[in-house]
Amino acid sequence: MTGFLVFVCVVALVLINVPIAVALGIAAVVAMLVTQGAAFLPNVPITLFQGATSFPLIAIPLFILAGAIMNTSGISRRLIEFTAALLGSMRGALAQVNVVTSMFFAEISGSAVADVAATGSILIPAMKKRGYPAAFSAAVTSSSASLAIIIPPSIPMILYAVMAGTSVVQMFVAGIVPGLMAGFGMMGLCYWYAVRYNWPVEEAFQLRRLRRSFKDAAWALTMPLIILGGIFGGVVTATEGAALAVVAALFIGMVIYRELDWKHLREAIIEGGVQTGAVMLLVAASALLGLYLTEAQLPQRLAQQITQLTSNPWFVLALLNVFFLFVGMFLHSAAAIILVVPIVMPVVSAVGIDPVHFGVIVTLNLAIGQQTPPVASVLMITCSIAKENVWTVTRANVPFIVVLLAVLLLVTYVPATTLSLVNLFYR
Amino acid sequence: MLAAFRRRYERLLEWIVIVLMAALAVEVTVGVAFRYFGYSLVWYDEVASIGLAWVTYYGAALAALKRAHIGVPELMRMLPPGARLPLALLAEACVLAFFVLLAWVGYTVLEVLAYDTLVSLPEVSVAYAQSVIPLGALLFVLAELLVLPEVLREARAA
């Protein structure tokens, strides 16, 4: 009964625009005061402190920082020039460049928002100038940016791994194949459009130009090797890999390219700190609510009730997919993970779904959630860069969302897409 | 007057966050470098984790000032102004009450924790690390009060 009241309390507070983190905190404090009395109060600051001290989660501010430095140091621009030289002779070249740059960028940055800032501000105006429909230009930028959270490293995957108590590195490895499938799917879709509407090629393929832009971008292209190589090779943890990413981006920006823009960097660090504060306050508050949930055994009881209905993992996965798609429409992806994962994990393990496999499913759902209004963080930022209406872009975005949905279905019902690499290297 | 104070306060929090973010990045990098050369620093991951908690609460106060916390403002925007104002006041009162309570309890807990020390650095009291909770809560309250006029103005607007 108290469980239901806590739920109502959180929803009511969130609906009158209390920040979700604070709503969780208030509900947890009230519930514990009712069940345990004032002697519980000293646990509040201690739990809120410990909930925010997590070594794996340090990767979040560091990856945000690395992405910000890349955007202000000329690394992003060189990546775009290199892919343009590589793909310029294809029909609809700029759309392809958009998707492929996002795929490169996804290997360095773990945040789709950083990806939009990098590709959108350069490629959307360029695409409009070459006669691509504005809504399509925004849609391809927005959807391909969400590859950043599927292809490692990925901030939502780090959050998921910590919340579900599984390995960050295994989550990263599991994301590789689905990320590439989604990327290639989007490239295929762009090609189909380009042929149908006869979109322009940019220039004939020139080996000389490719070699020059490769030389220029070589340092930027080594970054994924350093970061992912270090993490997958077991030399560094994901957090330490994130620190390496910061150092490498700073080194390349200051020593090699000498383009680091301090004013923008300062703003980017502040933005990173603000994002960290917002996400981590939510993590800490959920630790507080976790005290109550554990006490009341709520997730376990929920798991029992669901497994009494059905213990068929395929059916449970279908239910969870529908649920996460719905949640993704209305919640920021970090909030969705922090709120929902601790509650559904007992169900997931009760019916024997692999937590890493499930993590990739959650990530894909949230990648779709970033594209589906009313709450769609990445889509909104893209629309503001492109100065386009959210609903017009959403209409153009539907085929890309369908690509992501197709990958989601495949990943959900063919676990080998995520688990074969993990099994090969880590189990 | 108030706007000038708010700008200065924002600047202050921004610098705190920049310094903490930079320190966190440097600390983790130095830790990796030392381990790579065979001298593991025992305190490195514990101190880094505390650093994250500090970034969290100073960053959260700054996020309150910039109104960047994750929430759902859509429903309130749909309500008529008459219903919006009392609900906005209620929401602000809830937020303020939570952080005032947190600052007070967080402060009293420091005395209890004064004799506990960090696991990897026995000469440092946990109370120093934990001080971020009452401090951060106070900064959050101040930030929330500074944006209150803006929030109420928006609630009143048609």
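The values are calculated or read from the model by the stated rules, or taken from the named source; none is laboratory data. All values derive from a computational prediction rather than experimental measurement. With ideal geometry, Cβ positions are generated from the backbone for all residues, glycine too; neighbour counts draw on all protein chains shown.
If B:LEU52 satisfies all but one of (1) facing chain A (nearest Cβ under 7 Å); (2) free of Cβ contacts under 8 Å to residues at least 24 places away in the same chain, what's the number of the condition it fails?
Going through the list (1) facing chain A (nearest Cβ under 7 Å); (2) free of Cβ contacts under 8 Å to residues at least 24 places away in the same chain, B:LEU52 breaks only (2).
With the condition being surrounded by 22 or more Cβ atoms within 10 Å (Cβ to Cβ) and either hydrophobic (A, V, I, L, M, F, W, C) or without any contact (Cβ under 8 Å) to a residue 60 or more places away in the chain (or both), I'd like the helices (runs of 4 or more DSSP H) fully within the stretch A:227-312 carrying at least 3 qualifying residues.
Details: elements: A:238-251, A:262-296, A:298-309.
Hits in the stretch A:227-312: A:238-251, A:262-296.
Just to verify a result, which residue in the stretch A:36-66, among those that are more than 8 Å from chain B (Cβ to nearest Cβ) and hydrophobic (A, V, I, L, M, F, W, C), is farthest from B:GLN130 (Cα to Cα)?
Selected residue: A:ALA66.
Within the stretch A:16-35, take every residue that is free of Cβ contacts under 8 Å to residues at least 40 places away in the same chain and surrounded by fewer than 18 Cβ atoms within 10 Å (Cβ to Cβ) and give me the one that is farthest from the other protein chains (Cβ to nearest Cβ).
Per the criteria, the residue is A:VAL34.
For the stretch B:67-76, what are the residues that are over 12 Å from the mean Cα position of the chain (by Cα) and not small (Gly, Ala, Ser)?
B:ARG67, B:ILE70, B:VAL72, B:PRO73, B:GLU74, B:LEU75, B:MET76
Go through (1) surrounded by fewer than 20 Cβ atoms within 10 Å (Cβ to Cβ); (2) within 29 Å of A:HIS332 (Cα to Cα); (3) at the interface with chain A (Cβ under 7 Å from one of its Cβ atoms) and name the single condition B:THR29 misses.
The single condition B:THR29 does not satisfy is (2).
Go through (1) more than 7 Å from every other protein chain (Cβ to nearest Cβ); (2) surrounded by 23 or more Cβ atoms within 10 Å (Cβ to Cβ); (3) not in a helix (DSSP H, G or I) one by one and return the number of the condition B:GLY71 breaks.
Of (1) more than 7 Å from every other protein chain (Cβ to nearest Cβ); (2) surrounded by 23 or more Cβ atoms within 10 Å (Cβ to Cβ); (3) not in a helix (DSSP H, G or I), only one is false for B:GLY71: (1).
Looking at B:VAL141, B:VAL119, B:VAL100, B:VAL124, which is the one that is more than 10 Å from every other protein chain (Cβ to nearest Cβ), more than 30 Å from B:GLY31 (Cβ to Cβ) and surrounded by fewer than 17 Cβ atoms within 10 Å (Cβ to Cβ)?
B:VAL100
Using the structure shown, decide if A:VAL362 is among the hydrophobic types (A, V, I, L, M, F, W, C), under 30 Å from A:ILE69 (Cα atoms) and at pLDDT 95 or above.
The answer is yes for A:VAL362.
Among the residues of the stretch A:40-79, which ones are over 21 Å from the mean Cα position of the chain (by Cα), hydrophobic (A, V, I, L, M, F, W, C) and either within 30 Å of B:VAL32 (Cβ to Cβ) or modelled with pLDDT of 90 or more (or both)?
Within the stretch A:40-79, A:LEU41, A:VAL44, A:ILE46, A:LEU48, A:PHE49 qualify.
Taking the condition of being facing chain A (nearest Cβ under 8 Å) and either touching a residue at least 12 places away in the same chain (Cβ under 8 Å) or aliphatic (A, V, I, L, M) (or both), how many residues in the stretch B:103-112 meet it? Break it down into steps so the answer makes sense when it comes.
Narrowing the stretch B:103-112 to residues facing chain A (nearest Cβ under 8 Å): B:105-106, B:108-109, B:112.
Still in the list and also either touching a residue at least 12 places away in the same chain (Cβ under 8 Å) or aliphatic (A, V, I, L, M) (or both): B:105-106, B:109, B:112.
Residues that pass the stated criteria total 4.
From A:VAL356, A:VAL322, which residue is at pLDDT 90 or above, surrounded by 17 or more Cβ atoms within 10 Å (Cβ to Cβ) and either out of contact with any Leu (no Cβ under 9 Å at 6 or more places or on another chain) or in a helix (DSSP H, G or I) (or both)?
Only one candidate qualifies: A:VAL356.
Kindly indicate the residue of the stretch A:325-353 that is among the aliphatic types (A, V, I, L, M) and in a loop (DSSP other than H, G, I, E, B) and also farthest from A:ILE60 (Cα to Cα) among those meeting that condition.
Pass one, the stretch A:325-353, residues among the aliphatic types (A, V, I, L, M): A:325, A:327, A:329, A:331, A:334-341, A:343-345, A:347-348, A:350-351, A:353.
Still in the list and also in a loop (DSSP other than H, G, I, E, B): A:331, A:351, A:353.
Details: A:LEU331: 19, A:VAL351: 31, A:ILE353: 27 Å.
Applying the filter and picking the extreme gives A:VAL351.
Taking B:LEU79, is it farther than 30 Å from A:ASN43 by Cβ, more than 10 Å from chain A (Cβ to nearest Cβ), surrounded by 14 or more Cβ atoms within 10 Å (Cβ to Cβ) and free of Cβ contacts under 8 Å to residues at least 60 places away in the same chain?
Numbers: farther than 30 Å from A:ASN43 by Cβ: yes; more than 10 Å from chain A (Cβ to nearest Cβ): no; surrounded by 14 or more Cβ atoms within 10 Å (Cβ to Cβ): yes; free of Cβ contacts under 8 Å to residues at least 60 places away in the same chain: yes.
Against the criterion (farther than 30 Å from A:ASN43 by Cβ, more than 10 Å from chain A (Cβ to nearest Cβ), surrounded by 14 or more Cβ atoms within 10 Å (Cβ to Cβ) and free of Cβ contacts under 8 Å to residues at least 60 places away in the same chain), B:LEU79 does not qualify.
Looking at the stretch A:333-354 only, could you name the residues that are touching a residue at least 60 places away in the same chain (Cβ under 8 Å) and either under 21 Å from A:ALA182 (Cα atoms) or within 12 Å of another protein chain (Cβ to nearest Cβ) (or both)?
Result: A:SER333, A:ALA334, A:ALA335, A:ILE337, A:ILE338, A:LEU339.
Search the stretch A:395-427 for residues being without any contact (Cβ under 8 Å) to a residue 24 or more places away in the chain and of a type outside the set (Gly, Ala, Ser), and hand back the single one that is farthest from A:ASN98 (Cα to Cα).
Among those residues, the one meeting the criterion is A:ARG427.
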